[in-house]
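The block underneath contains the structure these notes are about, expressed in structure tokens.
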Amino acid sequence: MMSQSTTVILKDNWRFSKEVKGDAFSTDYDASKWEKVSVPHDWAIYGPFDKKWDIQTGIIEQNGEKEATEKTGRTGSLPHIGTGWYRNVFSIPEFRKGKKALLVFEGAMSEPQVFLNGKKIGNWGYGYSYFFIDITNDLIAGSENVLAVKLTNEPFSSRWYPGAGLYRKVSIVVKENESFAQWGTFITTPDTKDNNAIVDIKAEFHGSNVSMVTEIKDAKNKLVATQKSTETEDGKFHQTISVGNPHLWSPETPYLYTAVTKLFAADGSLKDEQNIKFGIRYIKYESNKGFSLNGKVTKFKGVCLHHDLGPLGAAVNKAALKRQLTILKDLGCNAIRSSHNMPSFEQLELADEMGFMFLAESFDEWAKPKVENGYHRFFEEYAEKDIVNLVRATRNHPCIVMWSSGNEVPDQYGAEGLTRAKFLQDVFHREDPTRPVTVGMDQVKQTMASGFGSLLDIPGLNYRVHLYEEAYKAFPQGFILGSETASTVSSRGIYKFPVVQEKNKQYDDLQCSSYDLEACSWSNVPDDDFVLQDDKSWVIGEFVWTGFDYLGEPTPYDEKWPSRSSYFGISDLAGLPKDRFYLYRSRWNTKDNTLHILPHWNWKGREGEITPVFVYTNYDSAELFVNGKSMGIQKKNNATPQNRYRLMWNDVKYEPGTVKVVAFDSNGKIAAESTVKTAGDPYKIVLDADRKTIKADGEDISFVTVSVVDKNGIPCPTADNELQFKVTGAATYRAACNGDATSLEIFHENHMKLFSGKLVVLVKSIKTAGKIQLEVKGNGLQTGKINLKAEL
Ligand code: GAL
């Protein structure tokens, strides 16, 4: 219907170049030789990896360094630095004289300069911000328009891989003159009881003599309540609509309602309509009680996530995000922190739908720098605008239960920092009085002394487990959030001997041990956090650093090449679970049992040597057998944090064969068993897709896990065969990733080595439905094939 708003997503027909000469913004510029791309797009993810992209000599103060050293890989060693241009020629038939048009960016990396039809129409600073530009006077009706966007990434502007380019959606919204204001409707459920909820809607609009009708629909699209308003309050419509027997939103029951808001002109014609999903839920943070959702005390079993999607880089992709959240659901995770910037809209939509609480963060720096060209350059001009846009664009998502104005900002020091903390928190409160604000603090002693920690709604501690108790006493809030925890390091499927707990441990192969006992000087192993989470009722939960490995920050190998992605993830860069996944799962996932053995059992050359076996399980005790011989029963106990959360047989001597664990329930009865076997030589390639049917929309992705097994079907845990990939039918080969932080193989090339016996291939749909086949070959191995399909 022409009277309503229309959103046109500018997805296809983009041209991109990094080699631009002349005025690429002018309408007659010839961009026909530029690369054809679709948006979201990340120009840097195609590589090649090279240490020259982010080589830097300096001190990472947050890591406690005192002397400058040469570092590489800090931002992923991918070519994100420099200037790139995008151009799109389009026409918008929906736009006519008398209408309004907005150009909306959901993020543009970074410092976007925007030109329409040869004229500069706007710019922004921070690459993670959402912003829009009113293009009513610049958009030409009934003809072609030329949009050009210039993006510049300065060197030393990030502590991780930021991605590059138009990595999130760009769209044009066409509205009537009388219409709802962009991001101007705020839905809250301030007064919710089990049998009744008040849905409070405040809507900003343009125009006069208009009326507003809201229809509240349940998840089955059934009308449950409606209200009409003709009067306004402070220039906004304000409705309070009662919904009886509401279905409350929670991670376990992510029930969503839709508010259909309609704006009518005086003559009764419909001028605008919004469909806003929301949830009915109530949250509270109370001294000594902690956080409660819908009246139930709930601890955050959360993970921090950077925004990159491994082999896809920063280019947002809903299938990739959904896969991440599916993996996190199985982990038993109930919350996400978008560290250290604004989350994508897609991720918030999925968190609403799939049931994850969300801590939406904004900045890694305020006015004081961490990196030479970081956010401090924009702070004065943009901080308020950035927060306003963050809150206004996302505040209707029930998943968001807390905001964060910063992470480990150097402004934790100094009186001005205190003023800034208050200023930012006040902006959040002004825009959204319903949710509290935190800052992830690492300078805990300092923030106790200065009052910085006391003024926050939620004192968030990053690491510093030894200071929780003191901070709890020093701060007035009556609870502490583990805003960032653990930072344990490990490489999937890699184990080092002897097995000892260490900090900053390095090995010649630039990997970390998966016995989950290695951390950084400032960080700790998971069990140390578990103790606090379990023993202190005033600790309201934790956000583990990180749910998945990410590009950049290859600590503890910041000074070693080639090492270009993190070791912190509970799962690796390909999304494959490390052992640690099962340690968290054994306490977070309370629905399913976990019984996981480590290490693998292929230790040729270690015969007779001590090879400890750990079991991550929700059961309290278990008996271990090696080739049928009992290694004894272990029971969780309080001797050390590890003994409390892991079952460990530290004296096992390696002999090839079978390791079996038998777990007992609380009555001492056998409850479950699990085995790991020594594998023979790699024989056959095995494929397993997360989804066999994908959408034929040119965006959907099937993630196929590739592994090799021996003649008897036993997985080969150390295989590193080079494999080739071929996709035929209604899809394309998009990328592969093996989770090896030291691999310089390029993701989008159709070959890669296995790492610890596995890798993941991404098969992407085209816009045609049909059959798809992925074939994976490797020298001397039986080929693997899998049939998938794409549907419209
Ligand atoms: C924290 C920081 C994170 C990441 C992490 C690594 O101090 O907030 O961004 O750098 O350390 O352990």
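Quick note: the coordinates plus some simple rules give every number you see, no bench work behind them. No experiment lies behind these values; they were computed from the predicted model shown. No Cβ is skipped: glycine too gets one built from the backbone with ideal geometry, and neighbour counts run over all protein chains shown.
A few points about this structure:
- For the chain, with +1 on Lys and Arg beta carbons and -1 on Asp and Glu, the positive-most of H600, M648, G163 along the dipole: H600
- In a DSSP loop and with at most 10 other Cβ atoms within 10 Å, the GluC sites (Glu not before Pro) in the stretch 29-103 are E67.
- Three-way shape call for the chain based on the alpha-carbon gyration tensor, with the a/c threshold at 1.5: prolate
- Residue exposure sequence - S287, S743 - by fewest surrounding Cβ within 10 Å: S287, S743
- When the trypsin sites (Lys or Arg not before Pro) in the stretch 588-667 are filtered for DSSP coil states and for at most 15 other beta-carbon atoms within 10 Å of their beta-carbon, the remaining sites are K591, K604, R606.
- Dividing the mean sequence gap of close Cα pairs (under 8 Å, 6+ apart) by how many residues the chain holds gives a relative contact order of 9 percent.
- Two-site FRET efficiency, K51 against K284, from Cβ-Cβ distance with R₀ of 51 Å, rounded to 0.05: 0.55
- For the set K370/K422; K220/K289; K591/K635, the pairs lying more than 25 angstrom apart at their alpha carbons are K220/K289.
- Restricting attention to the chain, close to 80% of DSSP beta bridges with both partner residues there are antiparallel.
- Each of I201, I9 was scored by other Cβ atoms within 10 Å of its Cβ. Arranged with the fewest first, they read I9, I201.
- Put a dot 7 Å past the Cα of N63, heading toward its Cβ, do the same for R606, and the two dots end up 2.7 nm apart.
- N593-L270 FRET efficiency (beta carbon distance; Förster radius 56 Å; 0.05 resolution): 0.55
- Considering helices alone, the calculated mean residue ellipticity of the chain at 222 nm is -3500 deg cm²/dmol, with DSSP H runs of length four and up weighted by -39500 (n - 2.57) and normalised per residue.
- Exposure proxy ranking, count of Cβ atoms within 10 Å, fewest first, for F180, F278: F278, F180
- Inter-centroid distance (Cα atoms) of the stretch 720-783 relative to the stretch 64-119, Å: 30 Å
- Assuming charge only on the beta carbon of Lys and Arg (+1) and of Asp and Glu (-1), the dipole of the chain about its Cα centre is about 1740 debye to the nearest 20.
- Spatial separation of Cα centroids for the stretch 253-320 and the stretch 579-623, in angstrom: 36 Å
- Beta-bridge orientation, the stretch 684-791: approximately 90 percent antiparallel, per DSSP, counting only bridges with both partners inside.
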